[in-house]
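Enquirer: Encoded as structure tokens, here's the structure I'll be asking about.
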């Protein structure tokens, strides 16, 4: 059951809502700053998703830091999911800070907080006085045993082949996040239609809350509006409007010469051509004695004007700046094995977008430990994405992974997960790092392709190759639009979308979409899925030319893992007091050892000799005596009634005096045996208490 309680706490925010779903509870707040950010040329929206460990009744696992610190990757991904749904419905001219904070107060372990968080963020903006053209409705759809399920629990999601988290604005799709196990496009489209049918109740709830408690939206004055201006400022504004109209008229006549009527070049070439037109306009204004401040205000139209012309050419003339058709993909190239000593590597190029992916294989113990509010346990496959400034020809500080880097890395990770081998078949921990060396449109999809290629090069037995492509959109306020394949630089403007879809030759593995519109129709989704499949097939064909299936053997520089089984009761013998024994084995042989509760032991090593020595050591520590079997043991203790013999490390047996000599009665045992002496013994009996009776004379 979903409930929304508006403005019951956090009264100093512009608005707040407490949203409950099941027993998961989130607090959503929204605040608009009173002052604008001076010198800012973008809309400053901040969406923060705060996981609290108390919400799950847990204390952070770190011994030294118990306070929540940097958000987990999962929290960052949820914040991005919420942001992508909210952002398109703001007026991008706003320069006041808008901050939406979602705090998880209680997590029931069954219901994911992300969908209630989307609804909470939508509700709090909808009832506040902050200008926003919402609401949006978030919903998750899975299919279990052929039946559609709305907002399934974690347990139910584990049984599903795919899940779709989607946000709607009215009946239009405004945001998508999906993961699938090679699901066909028809089934995926049915999921969108099913979700669309089930948003009505939530939408009505949001409107009811707005009707009961909603505030009137405030009016924000934007720079240049007439209200409150004195006569001098009005006159100045009118002059800027006149100069802007003249500049637009001139640009309209000249723009095609710079954008289209030239040989197709690189992204840098296109930028230089656009800058040349901009410089031409500035020079004309300077000749007319227009001052620097006015020139800056006049030229503020320029970037949007270029995007508008690019979109217009796509919609009305079916023409793209690089001369491609609507479904054409830029030149493709893929290579594998480009780095000789790493465990696997690949280089993938699509036009000027260039990504190098590198695989590292590790022991099971190298798995990432998850210690978040929602996710605990271990993670054996990681894909990390790096986007250095040189990849777009810029020079700026490098400050670690951004939210964008984390999001792009996670998308490719989600795309690859369905084709990975099971841990039982391939027990390695797998890390892939994708380094973006050049970017001109959808480096996340290039990293998906590079990741797939590098895993095959490493000999990881993935089930299928995975490719990805970004589908774009050009649209205008008249309802005209055109879907395009393989989005790049100038094509990602207002009225556009970035519809990323990954998959194999069988079906979809992941989708992510954000848009700069107020939503796209189901018909547009259907067309984008078709473009995605056809584009994916073209890319897979090129990838298959470089490597069509995983290599049969691992790199000689990759570690090998041998799995053995021991009696679970013997685990303590391998570990030893305080870990003394296992650490000694590791130190002396150079291997890595991981032991599971069921007695499965993974021994990982790059040295064959070290591997052999460690396995023999473990087997000696854990072997069990067998009745009737003969061993060579060492006398460890003498008693009047017999001797104790260690037949292998940690396992003693007792030889009674009557079992020492075949020919004579033994009265003084010290005449026959000495401590430290090696003797051959036979196991005669193991009693109910595990005590082992040995015989020398029977051996």
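The values are calculated or read from the model by the stated rules, or taken from the named source; none is laboratory data. None of these values were measured; they are calculated from a predicted model. As a convention, Cβ positions derive from the backbone with ideal geometry for all residues, glycine included, and neighbour counts pool all protein chains shown.
Every residue, every condition in (1) surrounded by 20 or more Cβ atoms within 10 Å (Cβ to Cβ); (2) more than 23 Å from residue 409 (Cα to Cα), yes or no:
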{"residue": "79", "(1), (2)": "yes, no"}
{"residue": "93", "(1), (2)": "no, yes"}
{"residue": "118", "(1), (2)": "yes, no"}
{"residue": "130", "(1), (2)": "yes, yes"}
{"residue": "139", "(1), (2)": "yes, yes"}
{"residue": "161", "(1), (2)": "no, no"}
{"residue": "171", "(1), (2)": "no, yes"}
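Enquirer: Can you confirm whether residue 454 is farther than 18 Å from residue 334 by Cβ and touching a residue at least 60 places away in the same chain (Cβ under 8 Å)?
Expert: Considered against the rule, which asks whether it is farther than 18 Å from residue 334 by Cβ and touching a residue at least 60 places away in the same chain (Cβ under 8 Å), residue 454 comes out as no.
Enquirer: Just a yes or no: is a residue in the range 469-490 surrounded by fewer than 24 Cβ atoms within 10 Å (Cβ to Cβ), modelled with pLDDT of 95 or more and part of a loop (DSSP other than H, G, I, E, B)?
Expert: No.
Enquirer: Another question, if that's okay. If you check residue 125 against the conditions, is it closer than 30 Å to residue 301 by Cα and either modelled with pLDDT of 95 or more or crowded, with 21+ Cβ neighbours inside 10 Å (or both)?
Expert: Against the criterion (closer than 30 Å to residue 301 by Cα and either modelled with pLDDT of 95 or more or crowded, with 21+ Cβ neighbours inside 10 Å (or both)), residue 125 qualifies.
Enquirer: Among the residues in the range 37-51, are any over 30 Å from residue 383 (Cβ atoms), outside any loop (DSSP other than H, G, I, E, B) and under 25 Å from the mean Cα position of the chain (by Cα)?
Expert: no
Enquirer: Sticking with this one: Let me spell it out: the conditions are (1) exposed (fewer than 15 other Cβ atoms within 10 Å of the Cβ); (2) part of a helix (DSSP H, G or I), and residue 613 meets all of them except one. Which number is the exception?
Expert: That leaves (1) as the condition not met.
Enquirer: May I pose another question? Would the range 435-444 turn up any residue that is farther than 24 Å from residue 534 by Cβ, under 18 Å from the mean Cα position of the chain (by Cα) and assigned by TED's automatic domain parsing to the domain that holds residue 533?
Expert: Taking every residue of the range 435-444 in turn, at least one turns out to be farther than 24 Å from residue 534 by Cβ, under 18 Å from the mean Cα position of the chain (by Cα) and assigned by TED's automatic domain parsing to the domain that holds residue 533.
Enquirer: Here is a follow-up. Can residue 396 be described as in contact with a helix residue (DSSP H, G or I) (Cβ under 6 Å, 6 or more places away or on another chain), without any contact (Cβ under 8 Å) to a residue 60 or more places away in the chain, part of a loop (DSSP other than H, G, I, E, B) and more than 23 Å from residue 164 (Cβ to Cβ)?
Expert: yes
Enquirer: Only one of 591, 655, 603 is assigned by TED's automatic domain parsing to the domain that holds residue 690 and in contact (Cβ under 8 Å) with a residue 12 or more places away in the chain; which?
Expert: On inspection, the qualifying residue turns out to be 655.
Enquirer: Based on what the data block shows, is residue 212 touching a residue at least 12 places away in the same chain (Cβ under 8 Å), over 23 Å from residue 501 (Cβ atoms) and part of a helix (DSSP H, G or I)?
Expert: yes
Enquirer: Hey, another quick one. From the list 146, 214, 120, 224, which one is modelled with pLDDT under 95 and closer than 19 Å to residue 13 by Cα?
Expert: None of the other options fit; the residue is 214.
Enquirer: So, residue 204, is that one surrounded by fewer than 23 Cβ atoms within 10 Å (Cβ to Cβ), out of contact with any strand residue (DSSP E or B) (no Cβ under 7 Å at 6 or more places or on another chain) and either closer than 19 Å to residue 532 by Cβ or not assigned by TED's automatic domain parsing to the domain that holds residue 77 (or both) or not?
Expert: Taking the combined requirement at face value, the residue does not satisfy it.
Enquirer: When residues of the range 329-359 are filtered for being surrounded by fewer than 19 Cβ atoms within 10 Å (Cβ to Cβ) and either over 27 Å from residue 470 (Cα atoms) or within 20 Å of the chain's Cα centre (by Cα) (or both), how many remain?
Expert: Residues that pass the stated criteria total 3.
Enquirer: When the residues of the range 399-418 are filtered to those that are over 15 Å from residue 447 (Cβ atoms) and part of a loop (DSSP other than H, G, I, E, B), which remaining residue is farthest from the chain's Cα centre (by Cα)?
Expert: The residue in question is 399.
Enquirer: Would you confirm, using the coordinates I've provided, whether residue 426 is farther than 29 Å from residue 154 by Cα, surrounded by 16 or more Cβ atoms within 10 Å (Cβ to Cβ) and free of Cβ contacts under 8 Å to residues at least 60 places away in the same chain?
Expert: no
Enquirer: If I ask for residues that are within 24 Å of residue 421 (Cβ to Cβ) and in contact with a strand residue (DSSP E or B) (Cβ under 6 Å, 6 or more places away or on another chain), which ones from the range 467-496 would you list?
Expert: Answer for the range 467-496, where residues must be within 24 Å of residue 421 (Cβ to Cβ) and in contact with a strand residue (DSSP E or B) (Cβ under 6 Å, 6 or more places away or on another chain): just 468.
Enquirer: Identify all residues within the range 555-570 that are surrounded by fewer than 18 Cβ atoms within 10 Å (Cβ to Cβ) and either touching a strand residue (DSSP E or B) at 6+ places or on another chain (Cβ under 8 Å) or part of a loop (DSSP other than H, G, I, E, B) (or both); write none if there are none.
Expert: Within the range 555-570, 556, 557, 560, 562, 563, 564, 565, 567 meet the criteria.
Enquirer: Mind listing whichever residues of the range 371-393 are under 22 Å from residue 84 (Cα atoms) and assigned to a loop (DSSP other than H, G, I, E, B)?
Expert: 374, 387
For every residue, the table says whether it meets (1) under 21 Å from residue 90 (Cβ atoms); (2) out of contact with any strand residue (DSSP E or B) (no Cβ under 6 Å at 6 or more places or on another chain).
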position	(1), (2)
21	no, no
35	yes, yes
44	yes, no
49	yes, no
52	no, no
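Enquirer: Does the range 419-427 include one or more residues that are part of a loop (DSSP other than H, G, I, E, B) and in contact with a helix residue (DSSP H, G or I) (Cβ under 6 Å, 6 or more places away or on another chain)?
Expert: Within the range 419-427, one or more residues are part of a loop (DSSP other than H, G, I, E, B) and in contact with a helix residue (DSSP H, G or I) (Cβ under 6 Å, 6 or more places away or on another chain).
Enquirer: Next question, about the same structure. Tell me which residues, restricted to the range 309-326, are surrounded by 15 or more Cβ atoms within 10 Å (Cβ to Cβ) and more than 14 Å from residue 260 (Cα to Cα).
Expert: Answer for the range 309-326, where residues must be surrounded by 15 or more Cβ atoms within 10 Å (Cβ to Cβ) and more than 14 Å from residue 260 (Cα to Cα): 315, 326.
Enquirer: Within the range 533-549, does at least one residue satisfy the condition of being under 28 Å from residue 312 (Cα atoms), at pLDDT 95 or above, under 21 Å from the mean Cα position of the chain (by Cα) and in a helix (DSSP H, G or I)?
Expert: yes
Enquirer: Is it the case that some residue within the range 664-685 is under 26 Å from residue 571 (Cα atoms) and either within 55 Å of the chain's Cα centre (by Cα) or surrounded by fewer than 17 Cβ atoms within 10 Å (Cβ to Cβ) (or both)?
Expert: yes
Enquirer: Name the pairs: first residue in the range 37-52 and within 30 Å of residue 107 (Cβ to Cβ), second residue part of a loop (DSSP other than H, G, I, E, B) and modelled with pLDDT of 95 or more, Cβ to Cβ under 9 Å, at least 6 apart or on different chains?
Expert: Taking only residues 6 or more apart or on different chains, the pairs are 45/90; 49/113; 51/107; 51/113; 52/107.
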